[in-house]
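Undergrad: Starting off with a structure, shown below.
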Amino acid sequence: QVQLVESGGGLVQAGGSLRLSCVASGRPFSSNNMGWFRQAPGKEREFVGICWSGGSTYYSDSVKGRFTISRDNAKNTMYLQMNSLKPEDTAVYYCAALFSGVVFQAKSYNYWGQGTQVTVSS
């Protein structure tokens, strides 16, 4: 079992920054592959990026160069630093744990947080 709790969402103007956090408990965090997804109203859940247990990262083209994922295994926490935010980044952001499967498919992930709302105003 893995429990995930996101925080850090809010309202920000276009061009601004936010940092989201995802705190995990249960299974040893250092062994988890951890991903970020987002879901805008009326749209499917979209892959944002992943931080593998070894620390390497991979991003979707829509956020590459603007978003950075990092993790602090000592704090059981993953972060999503979002810079140069755009109105189209508005969504509920979720963190999730992946044991195996296709990285960019939400159905591959085993555990999910409750999500945190990010709203970017123009």
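The values are calculated or read from the model by the stated rules, or taken from the named source; none is laboratory data. Note that the structure is predicted; figures quoted are calculated from it, not measured. All Cβ positions, glycine included, derive from the backbone under ideal geometry; neighbour counts span all protein chains shown. Keep in mind that these areas ignore ligands, DNA and RNA; they rest on the heavy atoms of the full protein, side chains included. Shrake-Rupley method; radii C 1.70, N 1.55, O 1.52, S 1.80 Å.
Undergrad: What's the total number of residues in region 89-105 that are free of Cβ contacts under 8 Å to residues at least 24 places away in the same chain and either open to solvent by less than 20 Å² (accessible area, probe 1.4 Å) or not β-branched (Val, Ile, Thr) (or both)?
TA: Residues flagged as free of Cβ contacts under 8 Å to residues at least 24 places away in the same chain and either open to solvent by less than 20 Å² (accessible area, probe 1.4 Å) or not β-branched (Val, Ile, Thr) (or both) within region 89-105 amount to 2.
Undergrad: hydroxyl-bearing (Ser, Thr, Tyr) and under 19 Å from Thr116 (Cα atoms), is that true of Thr68? Lay out the reasoning, then the answer.
TA: Details: hydroxyl-bearing (Ser, Thr, Tyr): yes; under 19 Å from Thr116 (Cα atoms): yes.
The answer is yes for Thr68.
Undergrad: If I go through region 34-48 residue by residue, how many of them are closer than 20 Å to Tyr59 by Cβ and either among the small types (Gly, Ala, Ser) or surrounded by fewer than 19 Cβ atoms within 10 Å (Cβ to Cβ) (or both)?
TA: The total comes to 6.
Undergrad: Examine region 54-72 for a residue that is modelled with pLDDT under 95 and either open to solvent by less than 10 Å² (accessible area, probe 1.4 Å) or in contact with a Lys or Arg (Cβ under 9 Å, 6 or more places away or on another chain) (or both), and state whether such a residue exists.
TA: yes
Undergrad: Only residues that are open to solvent by 50 Å² or more (accessible area, probe 1.4 Å) and either touching a Lys or Arg at 6+ places or on another chain (Cβ under 8 Å) or within 20 Å of Gln81 (Cβ to Cβ) (or both): list them for region 1-29, please.
TA: Of everything in region 1-29, those that are open to solvent by 50 Å² or more (accessible area, probe 1.4 Å) and either touching a Lys or Arg at 6+ places or on another chain (Cβ under 8 Å) or within 20 Å of Gln81 (Cβ to Cβ) (or both) turn out to be Gln1, Val5, Ser7, Leu11, Gln13, Ala14, Gly15, Ser17, Arg19, Val23.
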